[in-house]
Amino acid sequence: MSSKLIFTLLVALIFLSVFTSPAFASNAETKGNPHHKKVVNVAHRGASGHAPENTIAAFDKAFQMKSDFIEIDVQMTADGKLIAIHDTTVNRTTDGTGSVSDYTLEEIQQLDAGSWFGEEFAGEQIPTFEEILDKYRGKIGILIELKSPELYPGMEQKVAEALKERNMDKPRNGKIIVQSFNHESVQLSKELLPRIPHGVLAGMSWADVTGEELEEFATYADYFNPNMNIANEDLIDRVHGKDMKMWPYTVRTQEQADRLLDLKVDGIITDFPEYVHRHPGKN
Ligand code: G3P
Ligand code: CA
């Protein structure tokens, strides 16, 4: 065999081993090909299809299910403590009644926040914001929703303080994000936490959001997170055109997840993390 032929064969072998290696394939899938980019899996109120929302049980389940983020709803008690609960009353998700804002932390933590979902969760407590930060930092991303901040003056400052005390206000990996339906609150929070990415939540009434409105959001937000029913190709193109990402909410069926995956959204906020994981080629 001539030395020229041996050299050609060697070059061909090296080429084949590099470009067919799993490492190269995975890099190409996640980075080079936008059609196969990773979709961020966000467990809504924790894996709330499997465990009572906004409890440690739901957050642990999301971690076990390998979600990238937990989404939490932050509100404030009568004595100014930050806690995770979605509704502004305790009626639906605990054995108590009345407004969140009328309970002290000690009182609200005596409520059972698990039994309504299933007897096996009896005794789950409403967790504090600080407890969630301490337990999950570095393990899973935390998407912090400032819930009804208009009811809780000073809430943005308290969230910022809790993050700063823990040196969590300068995340290098973007795994702490603050968002709200109250866009003034998002703006204020961005001023207090300039290194943290922020998101604007957009309900159905934002179906016809204009280019100017998106441009304004992009001055302080990195994410435009809409109700999934207004997510379409045009909206995602326009959001990307303003250099923002889009994580629609709230997926509760496989079909809903599939539609959003086909739209190539950046992330999906879901009660069922498995619906987003089920497509290894797409996320
Ligand atoms: O993260 C988005 C989503 O949580 C907003 O809706 O009502 O579930 O807080 P909601
Ligand atoms: Ca929420």
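The values are calculated or read from the model by the stated rules, or taken from the named source; none is laboratory data. What you are looking at is a predicted structure, and each value in this text was computed from that prediction instead of being measured. Ideal geometry is used to build each Cβ from the backbone, glycine not excepted, and the neighbour counts take in all protein chains shown. Calculation scope for accessible area: heavy atoms of the full protein, side chains included, ligands and nucleic acids excluded. Shrake-Rupley method; radii C 1.70, N 1.55, O 1.52, S 1.80 Å.
A straight line joining the Cα centroids of region 101-178 and region 43-89 runs 7 Å. Projecting label points 7 angstrom from Cα along Cα→Cβ for Ser101 and Arg278 puts them 4.1 nm apart. Once the Cα-Cα distance is subtracted from the 0.36 nm per residue extended length, the Leu151 to Lys170 segment shows a gain of 4.1 nm.
Quick check: convex hull of the Cα atoms in the chain, volume per residue, rounded to a whole Å³? Working shown, then result.
Values: hull volume 45.7 nm³, N = 283.
With only Cα atoms used, the chain gives 162 Å³ per residue.
Which of the three applies to region 42-176, rounded, prolate or oblate, going by the alpha-carbon gyration tensor with a ≥ b ≥ c and a/c under 1.5 meaning rounded? Verdict is oblate for region 42-176. Here the calculated FRET efficiency for Asn91 and Asp237, from their Cβ-Cβ distance with R0 = 41 Å, stands at 0.50, rounded to the nearest 0.05.
Could you give the longest part of the chain that holds none of the trypsin sites (Lys or Arg not before Pro) found in DSSP loops with at most 13 neighbouring Cβ atoms within 10 Å? It runs 196-283. For the chain, modelled as a GNM whose springs connect Cα atoms under 10 angstrom apart, the maximal fluctuation among Thr219, Thr270, Thr77 occurs at Thr219. Express in nm, to one decimal, how much length is gained between Glu161 and Lys66 on full extension, taking 0.36 nm for each residue of separation and deducting their alpha carbon distance. Net length gain for the segment: 31.3 nm. Cross-linked pairs Lys147/Lys245; Lys147/Lys242; Lys66/Lys245; Lys158/Lys264; Lys81/Lys175: Cα-Cα separations exceed 30 Å for Lys158/Lys264. Per residue, the chain exposes 49 Å² of solvent-accessible protein surface, assessed with a 1.4 angstrom probe and all protein chains in place.
Angle of helix 183-192 to the longest C-alpha principal axis of the chain, folded into 0 to 90 degrees and rounded to 10: 80°. Of the accessible area of region 36-164, computed with a 1.4 Å probe over protein heavy atoms only, carbon and sulfur atoms account for 47 percent. Just to be sure I understand the model, the point goes 7 Å from the Cα along the line to the Cβ. What's the resulting Asp79 to Gln110 distance in nm? Each label point lies 7 Å from its Cα, and together they span 1.2 nm.
With the simple model of a label 7 Å out from the Cα in the direction of the Cβ, Asp134 to Glu213 spans 4.2 nm.
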